[in-house]
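Asker: I have a structure I would like to understand better, so I am pasting it below and will then ask my questions one at a time.
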Amino acid sequence: MARYSANLGFLWTELSLVDAVRAARAAGFDAVECHWPYTTTTEDLRAVLDETGLPMLGLNTVRGNVDKGDFGLAALPGREDEARAAIRQAVDYAAEAGVANVHVMAGKNGSRKTFLDNLAYAADRAAPSNVSILIEPINQRDAPGYFISIVEEARMLIEELDRPNVKIMFDCYHTQIMQGDLVRRIEAHLPWIGHIQIAAVPSRQEPDEGEVALDRVIRAVDAMGFDGFIGAEYRPRGNDTEAGLGWLRAFRDGGA
C-alpha cells in the first residue's frame, strides 16, 4: 500500500515547521518533506521528527535572488560559488537534521556542463552522510526557461554523471503538463526515480480533481513495487489544509 508524505512547503504554511510536522502526523501522513527549512534549527527539526516518528524525505537548495527571477543556481555559468554554497548549506542541514534527500535546483537557461559539475560536487558532498541528491524536471508553463523539463533529459544527465546517490524527483504534476503518459513513463524510469510527487492538473490543488486519475496512477506505481513515498505537493483549495484532506482517506480506502 502506498505511503504518503506531506509537503510542508505548501501544507500548513500558517504553522511553524515544527508544528506543521506535528499536524501532518495527526492527519495521518507517513512522512514529511519541505522546501526551505533553514530558519528552523536542525536541533528543533530533528527533535520533532523523533517525537512524531516521521521521516523527513527532502528539502531544496535555495533559489538564489528571487527578486531578480532566480529559481535555482546549479546550472548557471558564472555562479558556481553561489551554487556550491547553496549545496553545502542544504547537504549539511540534511545531514544534521536527518533528512534523506536534497533537491538541487537547476535554475533557468543554464549550462549542461555547469549543472553536471555542480551535481558531482553535491553527490560527493552528500555521500558520506548517506544523503541522496534529487533533480526535478519542472514544467515550462510555471517556470519558463527552467533547465530541465523532460524526464528523459534528467535520466540522461544522471547516466552521464554516474553517481549512485543522484536520482529523479518525478513530479506527476510537472510531467503531465510537459509529457503525459505517467504510468508508462514512471515504469520506464523506475530505477532512476528517488521520489514521486502528486498534485491535480491543471490547478495544482488537491489530487482528487483535475484531468488525471491520480489514485489509479498510484495504484499502478504500487503494483510496480515502488517502495518510496508519494509526496503530496499541492496548494490547498482553501486556507485550511485539513479541510481538503478527504482525498487522503479516499485514496487509502480505495487502495492507493
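Asker: So for segment 158-167 (the condition being out of contact with any strand residue (DSSP E or B) (no Cβ under 7 Å at 6 or more places or on another chain), at pLDDT 95 or above and surrounded by 14 or more Cβ atoms within 10 Å (Cβ to Cβ)), does at least one residue qualify?
Answerer: Yes: segment 158-167 contains one or more residues that are out of contact with any strand residue (DSSP E or B) (no Cβ under 7 Å at 6 or more places or on another chain), at pLDDT 95 or above and surrounded by 14 or more Cβ atoms within 10 Å (Cβ to Cβ).
Asker: Related question: Among the numbered conditions (1) touching a Ser or Thr at 6+ places or on another chain (Cβ under 6 Å); (2) in a helix (DSSP H, G or I), tell me where Lys113 comes up short.
Answerer: Against the list (1) touching a Ser or Thr at 6+ places or on another chain (Cβ under 6 Å); (2) in a helix (DSSP H, G or I), Lys113 comes up short only on (1).
Asker: Mind telling me which of the residues Gln140, Gln176 ends up being out of contact with any strand residue (DSSP E or B) (no Cβ under 7 Å at 6 or more places or on another chain) and either more than 19 Å from Phe229 (Cβ to Cβ) or not hydrophobic (A, V, I, L, M, F, W, C) (or both)?
Answerer: Residue meeting the stated conditions: Gln176.
Asker: Here's a follow-up. If only one of Ala256, Ala232, Ala200 is modelled with pLDDT under 95 and crowded, with 22+ Cβ neighbours inside 10 Å, which one is it?
Answerer: Every option except Ala256 fails the conditions.
Asker: Right, here's the next one. Scanning segment 93-103 for residues that are surrounded by fewer than 18 Cβ atoms within 10 Å (Cβ to Cβ) and under 18 Å from the mean Cα position of the chain (by Cα), which turns out farthest from Leu116 (Cα to Cα)?
Answerer: Ranking the qualifying residues of segment 93-103, first place goes to Gly98.
Asker: Considering only segment 56-69, I want to know if a residue exists there that is out of contact with any His (no Cβ under 8 Å at 6 or more places or on another chain), small (Gly, Ala, Ser) and over 25 Å from Glu206 (Cβ atoms).
Answerer: yes
Asker: Could we say that Asp44 is within 30 Å of Leu245 (Cβ to Cβ) and not hydroxyl-bearing (Ser, Thr, Tyr) here?
Answerer: Here the answer is yes, as Asp44 does meet what is asked.
Asker: Determine the pairs where a residue that is under 18 Å from Ile135 (Cβ atoms) and at pLDDT 95 or above, located within segment 75-100, has a partner that is polar (S, T, N, Q) and assigned to a helix (DSSP H, G or I) with Cβ atoms under 6 Å apart, the partner being 6 or more residues away or on another chain.
Answerer: Ala75/Thr114; Pro77/Thr114; Ala83/Asn118
Asker: Residues that are under 19 Å from Leu76 (Cα atoms), outside any helix (DSSP H, G or I) and either free of Cβ contacts under 8 Å to residues at least 60 places away in the same chain or of a type in the set (Ser, Thr, Tyr) (or both): does segment 123-134 have at least one? Steps first, answer last, please.
Answerer: Of the residues in segment 123-134, the ones under 19 Å from Leu76 (Cα atoms) are 123, 133-134.
Of the ones still in play, those that are also outside any helix (DSSP H, G or I) are 133-134.
Among the residues that remain, those that are also either free of Cβ contacts under 8 Å to residues at least 60 places away in the same chain or of a type in the set (Ser, Thr, Tyr) (or both) are: 133.
Yes, because at least one residue in segment 123-134 is under 19 Å from Leu76 (Cα atoms), outside any helix (DSSP H, G or I) and either free of Cβ contacts under 8 Å to residues at least 60 places away in the same chain or of a type in the set (Ser, Thr, Tyr) (or both).
Asker: For segment 1-88, which strands (runs of 3 or more DSSP E) that fit wholly inside it have 2 or more residues that are of a type in the set (Ser, Thr, Tyr) and crowded, with 21+ Cβ neighbours inside 10 Å?
Answerer: It comes to 3-7.
The values are calculated or read from the model by the stated rules, or taken from the named source; none is laboratory data. Everything numeric in this text was worked out from a predicted model, so none of it was measured. No Cβ is skipped: glycine too gets one built from the backbone with ideal geometry, and neighbour counts run over all protein chains shown.
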